[in-house]
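The structure appears below as structure tokens.
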Amino acid sequence: MVDNADVVHTLGRIADLLEIRGENSFKVRAYRMAAARVESLTEPIAGVAARDGGLRRLDGFGPAIAEKVTELLNIGHLQYLADLEAEIPAALLAVCELPGVGPRTAATLWREAGIASLDELEAAAAAGSLEGIPRLGTRSIERIVAALEARRRNGARERRPRGRVVPLAVALTPALRSLPDVERAHAAGSFRRKRETVKDLDVLVSTREPRAVLQWFSTLPSVERVLVRGSTKCSVEADSGFQVDCRAVAPEAYGSAMQYFTGSRAHNIRMRGRALRMGMLLNEYGLFLIEGNRRIAGDTERGVYEALGLRWIPPEEREHGGDIELTGASVRRTRRPQEAEAV
């Protein structure tokens, strides 16, 4: 029997394959929004489909998507997805997940060089044959090689006790705040949620000059190796191979980015689902009204939670998703996010 998780997986897979195929962004986004809507449901989607109005009652479900999900629920598989998978190698999705690659580069690797898996990409990189691929620039090749090397090393990487990571976070965030182009800088992720162990460290900075800030970050004395450096993110190794990801965002998106990169997957799913039920779209760039695509919050975390009718939820409570229901619809005064952060 097809359940909600199966529908979410199918819609997400369709979106990924369409993006590789080069479909327009609106179509890809529609499938991602539909997947997020199903993910936020608190009841089986089959029950929704059986009621009057069916799946069209769900926000983000147009006729085409509703028809496809109905087919999936009725017969257990979807011919549209099968056709896409016959056209595009499924292993190519793993290539897309490499930092610095993405669907467009993956499509170039596949169409121009027949590279359709991570093993084939590893072999091409080892043979030095990536240089001859059309429309694949030197910087793209450097990012791919660095990402492959990081993937090999990270396979054996273990989580570290949070206490071992604190000195690194305490050193990096004040250093970033000292830059004239940086307005704010804080650690995020599982470190900010005060998990006992941490796999890597996420640091977020607010700036109008992301390239300059990330360039400077990559040259800090504590950096042992630069893995990937792009226009909005720089991944490095520090403190004996521990990975640190520095993300640069615009000031007006800093709050929504902090919320996005701090919360656990379960917490963020509930947040996005609540936003969708209220006619809004929440992502790392802000909180937007779906109708008219108008931003209504994003510069502060507090503003994001308040716009969704929630009280401020401390980072360490953003783990399992149930925290959102416990907040009710009331908003109470708590410490400011900046005041609550040690790093």
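No value in this document is a laboratory result; all are computed from the given coordinates. Just so you know, these numbers come straight off a predicted model, no measurement behind them. Note that we place each Cβ from the backbone using ideal geometry, even for glycine, and neighbour counts take in every protein chain shown.
So for the chain, Kirkwood radius off the Cα pairs, Stokes-Einstein at 10 °C and 1.306 mPa s: how many µm² s⁻¹?
73
Using a Gaussian network for the chain with springs between C-alpha atoms less than 10 Å apart, which of these wobbles most: 133, 88, 144?
Judging by the Gaussian network model, the answer is 133.
Where in the chain are the DSSP H helices whose alpha-carbon span along the long axis reaches 15 Å or more and whose Kyte-Doolittle mean is at least 0.5?
Correct list, ordered by number: 63-75, 162-177.
How long is region 160-249 along each principal axis, judged by its Cα atoms, biggest number first, in Å?
So the three principal-axis extents are 34, 24, 18 Å.
Please work out whether region 97-154 counts as rounded, prolate or oblate from its C-alpha gyration tensor, where a ≥ b ≥ c are the square roots of the eigenvalues and a/c under 1.5 means rounded, while otherwise a/b larger than b/c means prolate and anything else oblate?
rounded
With +1 on the Cβ of every Lys and Arg and -1 on the Cβ of every Asp and Glu, and nothing else charged, how large is the dipole of region 4-87 about its Cα centre, in debye rounded to the nearest 20?
That gives a dipole near 280 debye.
If Rh is defined by the Kirkwood formula over all Cα pairs and Rg also comes from Cα, what ratio Rg/Rh do you get for region 208-271?
We get a ratio of 1.04 for region 208-271.
Limiting things to C-alpha atoms, what are the Rg and the maximum Cα-Cα separation (Dmax) for region 87-245, in angstroms?
Rg then Dmax for region 87-245, in Å: 17.2, 51.
Below 14 angstrom from the Cβ of residue 82, what's the summed charge of the other residues (Lys, Arg +1; Asp, Glu -1)?
Result for the local shell: -2.
Rounded to the nearest 0.05, what FRET efficiency is calculated for residue 222 and residue 183 with R0 set to 22 Å and r the Cβ-Cβ distance?
So the FRET efficiency works out to roughly 0.50.
Taking the chain as a Gaussian network, where each spring joins two C-alpha atoms under 10 Å apart, which residue of 18, 136, 148 fluctuates the most?
Its mean-square fluctuation being the largest, the pick is 136.
Let's see if you can work this out: charge +1 on each Lys and Arg Cβ, -1 on each Asp and Glu Cβ, no other charges. What is the dipole magnitude of the chain about its Cα centre, in debye to the nearest 20?
Result for the chain is approximately 1000 debye, rounded to the nearest 20.
For region 4-87, what is the convex hull volume of its Cα atoms per residue in Å³?
79
Output ³J(HN,Hα) for region 232-241: one whole-Hz value per residue in order, computed from phi by the Karplus curve 6.51 cos²θ - 1.76 cosθ + 1.60 with θ = phi - 60°, and x for Gly and Pro.
Karplus-based 3J(HN,Hα) across region 232-241 equals 10, 8, 10, 10, 9, 10, 9, 6, 6, x Hz.
Using the reciprocal of the averaged 1/r over all distinct C-alpha pairs, how large is the Kirkwood radius of region 182-312 in Å?
It works out to 15.4 Å.
Could you work out which residue, out of 305, 80, 260, moves most in a Gaussian network model of the chain, that is, has the largest mean-square fluctuation with Cα springs under 10 Å?
80
Which of the lysines could a cross-linker span from residue 194 if the Cα-Cα distance has to be under 28 Å and same-chain partners fewer than 8 positions apart are dropped?
Straight-distance partners of residue 194: 233.
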